Amino acid sequence: MIYLCRIGKLEDGENGAVFSRYAGVRRFDQLPISDKTKRGLKEAKFVEMVDIQRAALPHALCGRDILGAARTGSGKTLAFVIPVLEKLHKERWGPEDGVGCIIISPTRELAAQTFSVLNKVGKFHKFSAGLLIGGREGVDVEKERVNHMNVLVCAPGRLLQHMDETPNFECSNLKILILDEADRVLDSAFKGQLDPIISQLPKRRQTLLFSATQTKKVKDLARLSLRDPEYISVHAESVTATPTTLTQTVIIVPVEKKLDMLWSFIKSHLNYRILVFLSTKKQVKFVHEAFNKLRPGIPLKSLHGKMSQEKRMGVYSQFIERQSVLFCTDVLARGLDFDKLVDWVVQVDCPEDVASYIHRVGRTARFNASGKSLLFLTPSEEKMVERLQEARIPVKVTKANSDKLQEVSRLLASLLVNFPDLQTVAQRAFITYLRSIHKRRDKEIFDVTKLSIEDFSASLGLPFTPRIRFANLKTKKKGVFERSIALEPENDDEDNVVAPTRVVKKDLLGEDLEEEDFPLRPNEEGKGVEKSNKDEGVPMPGTRVSKNKKLKISQHRPSGSRVKFDEEGNPVAPLAIVAATTETEVALDEEARKDYYKKLGEQLRKVDHEDKKVEREKRREKRMKEKIKRKQGEMEEEEEEEGSASSEEETGQKRKRAKKMYFDDNGDGDEEKEGGKINTDAISIAELEEMALKLITQS
Ligand SMILES: Nc1ncnc2c1ncn2[C@@H]1O[C@H](COP(=O)(O)OP(=O)(O)OP(=O)(O)O)[C@@H](O)[C@H]1O
């Protein structure tokens, strides 16, 4: 049974709604809490309570289960940290009592932030607290300590790992469980971790759930076996679901103009702290690396779930230290306070739903600070505006001022030519973004077939449009998409990674991208590929060619040299010389390719063989010369010793014979200097070797 309890009011059967006896207090030091906690709050400069704290603390301190809901940045953390400290204080908890409280956060950064608030406010208590989020120390180091911790602040995965692997780790004494960002922790992404955790916790405990977008799904609450929880929502009646100090703008941008818009925004906001949300890690990686190389004039950082723990913490603190742009995925969407310093939240990609929107923009305008947010919506996502307005989110829709737009896609195209690795990153960004759109549940808003794939890939600077396949995609659109079988989803981590689908060979541009290895390679089978209308050569990796346009490529430029561009500024691959173009598209000529490579191979082998033969003869000649020279030297010495005239003649004959071997190959009889060529036509190698042998053995 859930009691619906508005701010500060307790349902009371006799005389209707009355205010709880604490609803009147406004200061922390008026609360019935321990001096240790009051000292911690005072030292952390927390004096006056905010709404959610005034409403929730009286119930929480009485030991009731709570479902707390309040806007982002409105002080929910203290609303559960104080009850944790007071619960253990009342139970006279000591280090030997083991785990008395667990606080579960959906991300490591949020767990770390909560851990720091707990330490600040609880510094005068004697309890031990541990942060379980992995990273450099790793689970082994934690294993030694986790059993002596009274309070654990953790991400679900790491807690479950200890429950499964750490000897003697048990939570049978647990008194209070906190789920921060409860609706996220309870959603399907964490189900595989949360359910086993809950099953190992005692049912007799206090449970507090907090979020700006609180779940009220009974099945969620039933999983936690809540006992008559108090539902406290301090902003339910307020005019907006987002902070009143937040200015929210939506701009309609075609997908292929997003990066131009983002680049122009950054260039015109160089003295701000800007958080930029993109859908996938690969996009974060690409935009960060590409924009970094273009040097916008403000430091750029990136953060996503696949980075190491240390790197993530480092990037997070650097972002707080100075004005910069932080590209990130939804791993930073919830709970993080950034010390109330974020000026702008820019959502380049539309969030999955309204709740995600609220949490993302909630990174700014925290606790009375002002903030601004900008959401890019493609024309096909415009319905999201309705969804937001229905949820009491006051967004203002505007159009992009196109003459202010700084085109960055051309700069990206030349970047990708000069940094081939970046091209692979761009391809991954292209594929994972489209896949993330395709996997979205709300098909009224997210429809990948409504996006101009070629233009989008060009906007990333890609010379050709990668091939991609989507599961069960029904589309009439010829060519780029077709039905496919999705592969097993990748392990879902904090980035809302979207399950990959297999990339397949297509005949549209004859280019295929295997998910595993991104270097582009010509279509292996060539099935369904139009026959080339040229007889020679090997098809090239597909380049983007407009219809009916012949590829004008120098027939004499050796492949692998500098990159050429066609009229449209698209780089043309080295082997384009052998490309065949049909009326509508570049095709791959399989036979021609095979012939070309076959001929190439034969030529190489032949040249190789001749080279080896010449090499061998040179080596032999060198050896022979050395031996004969040595031999002649020895013979002359002997004859001089013997002083016999007759031998002189003989030596001369021998010398003549020996020299005969060194005529140059035109046979004109010139005296060869030492080191001339062996005239192998006159004497076979075998004879030569026999003569050399005789000379050597005559000594
Ligand atoms: N009573 C208070 N007095 C002064 N500052 C406060 C008070 N309560 C919270 N704050 C500050 O307000 C900011 C936001 O608090 P907190 O992070 O708890 O918000 P939240 O509701 O948990 O936000 P989110 O929904 O994003 O998780 C923090 O910087 C915190 O220190």
Reduced to Cα centres, the span from region 160-207 to region 354-412 in Å works out to 36 Å
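In debye, nearest 20: dipole of region 85-221 around its Cα centre with unit charges on the Cβ of K, R (+) and D, E (-)? Before the final figure, lay out the partial values.
Details: 20 positive and 18 negative charges, 106 e Å.
The calculation lands at about 500 debye.
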Honestly region 97-256 on the Cα gyration tensor test (a ≥ b ≥ c root eigenvalues; a/c under 1.5 rounded, otherwise a/b vs b/c for prolate or oblate) is just prolate
Env charge @ Thr37, Cβ radius under 12 Å, K,R +1 / D,E -1, value +4
Mean Cβ-within-10 Å packing, highest first, puts peptides 218-229, 280-291 in the order 280-291, 218-229
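In debye to the nearest 20, how big a dipole does region 246-371 give about its Cα centre with +1 on each Lys and Arg Cβ and -1 on each Asp and Glu Cβ?
Numbers: 19 positive and 12 negative charges, 69 e Å.
Charge dipole of region 246-371: 340 debye, to the nearest 20.
Using the Kirkwood radius over C-alpha pairs as Rh, can you work out the diffusion coefficient of region 200-300 via Stokes-Einstein at 10 °C, viscosity 1.306 mPa s, in µm² per second?
Numbers: Rh = 18.4 Å.
This corresponds to a translational diffusion coefficient of 86 µm²/s.
Take every Cα pair under 8 Å in region 267-410 that's 6+ residues apart, average their separations, divide by the length, and report that relative contact order as a whole percent.
Details: 211 pairs, mean separation 34.8, N = 144.
24 percent.
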Given 95-102, 196-203, the highest-first ranking by average Cβ count within 10 Å works out to 95-102, 196-203
For region 247-344, averaging the sequence separation of alpha carbon pairs under 8 Å that lie six or more residues apart and dividing by its residue count, the contact order in percent is 37 percent
For region 20-119, the charge dipole (Cβ of Lys, Arg +1; Cβ of Asp, Glu -1; about the Cα centre) points to a positive end, and the Cα of Ile52, Val81, Thr114 closest to that extreme belongs to Ile52
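In debye to the nearest 20, how big a dipole does region 150-252 give about its Cα centre with +1 on each Lys and Arg Cβ and -1 on each Asp and Glu Cβ?
Details: 12 positive and 12 negative charges, 55 e Å.
Value, rounded to 20: 260 debye.
Arranged by the count of other C-beta atoms within 10 angstrom, fewest first, what order do Ser116, Ser373 take? Display every interim value, and only then the final one.
Working: Ser116 14, Ser373 26.
Ordered by Cβ neighbours within 10 Å, fewest first: Ser116, Ser373.
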Taking region 229-387, the whole-percent share of alpha-carbon pairs separated by over 26 angstrom is 24 percent
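Each reported figure results from applying straightforward, stated rules to the coordinates on display, with no laboratory input. In this text the structure is predicted, and so the values were computed from the model without any measurement. Quick reminder, even Gly has a Cβ in these numbers, built from the backbone with ideal geometry, and neighbours come from all protein chains shown.
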